[in-house]
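The values are calculated or read from the model by the stated rules, or taken from the named source; none is laboratory data. Just so we're clear, the structure is a prediction, and the values are computed from it rather than from any experiment. A quick note on method: Cβ atoms are made from the backbone with ideal geometry, for glycine too, and the neighbour counts reach across all protein chains shown.
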Amino acid sequence: MHHFHYAGSNLQCENVDLAEIARLYGTPTYVYSAATMADNYNRLASGLKGLDLQICYAMKANSSLAILRHFANLGAGFDLVSGGEVRRVLAAGGDIKRSVFAGVGKTEAEIELALKNDIFAFHVESEPEIARINHVAGKLGVKAPIAIRINPDVDAHTHAKITTGKSDNKFGIPLAHAAAAYEAAARFPHIQIKGAQMHIGSQLTSLAPFVEAVKKVAPFVTDLKAKYGITYWSIGGGIGIIYKDALASGSPEWWSAQPADTRPLTPEAYGEALTPLLAPLGLKIVLEPGRYMVGNAGVLLSRVEYLKRGKGKNFLIVDAAMNDLVRPAMYDSFHEIVPLHRDTERPALVADVVGPVCESGDCFAKDRPLQSVGEGEYIAFMSAGAYGYTMSSRYNTRNMAAEVLVQGGASDLINARETFEQQIQNEKLPAFLTK
């Protein structure tokens, strides 16, 4: 569930009118609900109640400093995949000592930065990485805590570009080879074997892959605890969110109306299925949710520029573009599109919703049924809190969007819209071109 809803005819985030935000800060603008993020965090923690649980928010989903601080205040650590993300957590006042560092291509500089800030553990993706971490730790005169990422070869039944737990993915070490990797790690003098890790993919909408992966890897983890004294097991993230019926899913009535056998995956169901499998291990359990925490907590506001009517095809041209929200162009992803002012008296419109970028791929939806909206009116792309701003770019020399955080009846600009001068501030014309 989430805190976006219509109050009368106007779409609100918590108790703030989204049209007022659009008028105040312009568009495109991302708007996030602090209450929704807190609810998501607390429901996940409650769903696995009874476990020694550490939630590490996968900040690649949304790394705005204010959002990181919000999760830090809730008690979260962070799942990091770059040196820049380490620095962002530090800038936000987050706790590196409760955070983990993943990713297949860690540089020596990134490893050193994490070690100097007392990282909870590195999630190691390959045997050569173990040697590199040992080398850097040796130079610093410390032992580096690690967990090896185990690839369980489990099909997550998700989009091909976001699956991570199959044998043909670049992530982790195959389960069949993991014992040898741990044996090799144990021989390095500056390595501390601290845990085990796995993550099978993102946007999973079924419990079955999670259960299969945990059952498949649990016996090996039990062996690791006996042999190396590991203290934790990270089972990754991956809980999916609702993209279709996104607005309606903010209502408890919508959830109660869903048939039990087709009801979307919830943190309560996730915890009910996995807690009995994890509790007997006697280990700290680390979770690394990203999309689940922020996806349905954000929307992208956009202004209608033109309605272009053609023979057999209408185009609703808006000021947001693929550089602002790339998921539809990259993944053919669905985002529900709703008006900020709802008017049931208006006729319906079927249109392709497109942006101004000079690419045919700059299309958010094809032949989408919508309420008729005209030039100057506002729409919202729902479920845009994850992999929205973080994946955006300046393509076509477009400024990066603004970001706003809402809590209750208050809102604040947490990231001002980029200016053209900021875009080019690091560029220069070389002397040999200006003679």
Worksheet item: Which of (1) without any contact (Cβ under 8 Å) to a residue 40 or more places away in the chain; (2) in contact with a helix residue (DSSP H, G or I) (Cβ under 8 Å, 6 or more places away or on another chain); (3) closer than 22 Å to Ala248 by Cβ; (4) among the aliphatic types (A, V, I, L, M) does Leu74 not meet, given it meets every other one?
Response: (3)
Worksheet item: If you check every pair at least six apart or on different chains, which have Cβ atoms under 7 Å apart with a residue in the stretch 124-151 that is on the phi < 0 side of the Ramachandran plot first and a residue that is of a type in the set (Asp, Glu) and crowded, with 17+ Cβ neighbours inside 10 Å second?
Response: Arg149/Glu125
Worksheet item: Do the conditions hold for Asp367, that is, is it in contact with a Leu (Cβ under 9 Å, 6 or more places away or on another chain), more than 18 Å from Cys13 (Cα to Cα) and not in a helix (DSSP H, G or I)?
Response: no
Practice prompt. Would you be able to tell me the number of residues in the stretch 404-433 that are loosely packed, with under 12 Cβ neighbours inside 10 Å and among the basic types (Lys, Arg)?
Written response: 1
Item to complete: Give the residue, chosen from Pro339, Pro347, that is touching an Asp or Glu at 6+ places or on another chain (Cβ under 9 Å), of a type outside the set (S, T, N, Q) and over 17 Å from Arg398 (Cβ atoms).
Response: Pro339
Discussion item. Pairs needed: first member in the stretch 279-290, without any contact (Cβ under 8 Å) to a residue 12 or more places away in the chain and among the aliphatic types (A, V, I, L, M); second member anywhere, surrounded by fewer than 24 Cβ atoms within 10 Å (Cβ to Cβ) and assigned to a loop (DSSP other than H, G, I, E, B); C-beta distance under 6 Å; at least 6 residues apart or different chains.
Written reply: none
Discussion item. Looking at the stretch 63-82, can you tell me whether even one residue there is among the hydroxyl-bearing types (Ser, Thr, Tyr) and under 18 Å from Ser202 (Cβ atoms)?
Written reply: yes
Worksheet item: Could you say whether any residue in the stretch 33-40 is part of a loop (DSSP other than H, G, I, E, B), within 22 Å of the chain's Cα centre (by Cα) and under 23 Å from Pro264 (Cα atoms)?
Response: no
Discussion item. If I filter the stretch 185-192 for residues that are modelled with pLDDT of 95 or more, part of a strand (DSSP E or B) and either assigned by TED's automatic domain parsing to the domain that holds Leu283 or within 23 Å of the chain's Cα centre (by Cα) (or both), do I get at least one hit?
Written reply: yes
Worksheet entry | Single match in Gly376, Gly409 (criterion: out of contact with any helix residue (DSSP H, G or I) (no Cβ under 7 Å at 6 or more places or on another chain) and under 14 Å from Ser33 (Cα atoms)) | Gly409
